[in-house]
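Trainee: Below is one structure. I have some questions about it.
Laboratory data are not the source of any read-out in this text; all were calculated from the coordinates shown. A quick note: this is a predicted structure, and the numbers were derived from the prediction, not measured. Methodologically, a virtual Cβ is constructed for each residue, glycine included, from the backbone with ideal geometry; neighbour enumeration extends over all protein chains shown.
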Amino acid sequence: MTDEPQNDLEAMRDRLRRAADAGDTSAGDLAGHVDAYLSGSRSAEEHDALVDRLRDAVRRFEAGHPTLSQAVQGVVDSITASGI
């Protein structure tokens, strides 16, 4: 993974952790998936699973966390555009 998508993922994970600290358990769960991806082997299957989780999160966060939803969508766009 190039630096930009990884940096985007790390920044998004930090935002998710802050949302989790404010009481959003689904944000905490997603942050855990991002951590696992960042520290794992990053196989094609893991990449696809993470992208699917992120896309689901965009829909879940739209009403309660619109800014976070936009940030997650930006990361999805970044990691899918990088071809990984």
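Trainee: Please determine, in degrees from 0 to 90 and to the nearest 10, the orientation of helix 66-81 with respect to the longest principal axis defined by the Cα atoms of the chain, where the helix direction is its Cα long axis.
Mentor: 10 degrees
Trainee: What are the radius of gyration and Dmax of segment 1-47, computed over its Cα atoms and given in Å?
Mentor: Reported Rg and Dmax, both Å: 11.1, 32.
Trainee: With contacts defined as alpha carbon pairs under 8 Å and 6 or more residues apart, what's the relative contact order of the chain in percent?
Mentor: Here the relative contact order equals 33 percent.
Trainee: While we're on this one: Give the order of E45, E10 when sorted by the count of other beta carbons within 10 angstrom, beginning with the fewest. Write down the numbers at each step before the final one.
Mentor: Details: E45 9, E10 13.
By the 10 Å Cβ count, ascending, the order reads E45, E10.
Trainee: Once you charge only the Cβ atoms, +1 for Lys and Arg and -1 for Asp and Glu, what is the size of the charge dipole of segment 3-81 about its Cα centre, to the nearest 20 debye?
Mentor: Its charge dipole is roughly 240 debye.
Trainee: With a sphere of radius 12 Å drawn around the Cβ of S39, what net charge do the other residues whose Cβ falls strictly inside it have (Lys, Arg +1; Asp, Glu -1)? Write out the running numbers ahead of the final one.
Mentor: Working: positive: R13, R42; negative: E10, D35, E46.
It works out to a net charge of -1.
Trainee: OK, next. Please list, in order, the residues from segment 53-84 whose amide nitrogen is less than 16 Å from a point placed 7 Å along the Cα→Cβ vector of R42.
Mentor: Within reach of a label on R42, which here means backbone N under 16 Å from a point 7 Å along Cα→Cβ, segment 53-84 contributes 75-84.
Trainee: Return one number: the angle in degrees, 0 to 90 and rounded to the nearest 10, between the long axis of the Cα atoms of helix 44-64 and the longest principal axis of the Cα atoms of the chain.
Mentor: So the helix axis and the longest Cα principal axis differ by about 20 degrees.
Trainee: With N denoting the number of residues in segment 3-81, provide Rg(C-alpha) divided by 2.2 N^0.38 Å, to two decimal places.
Mentor: 0.99
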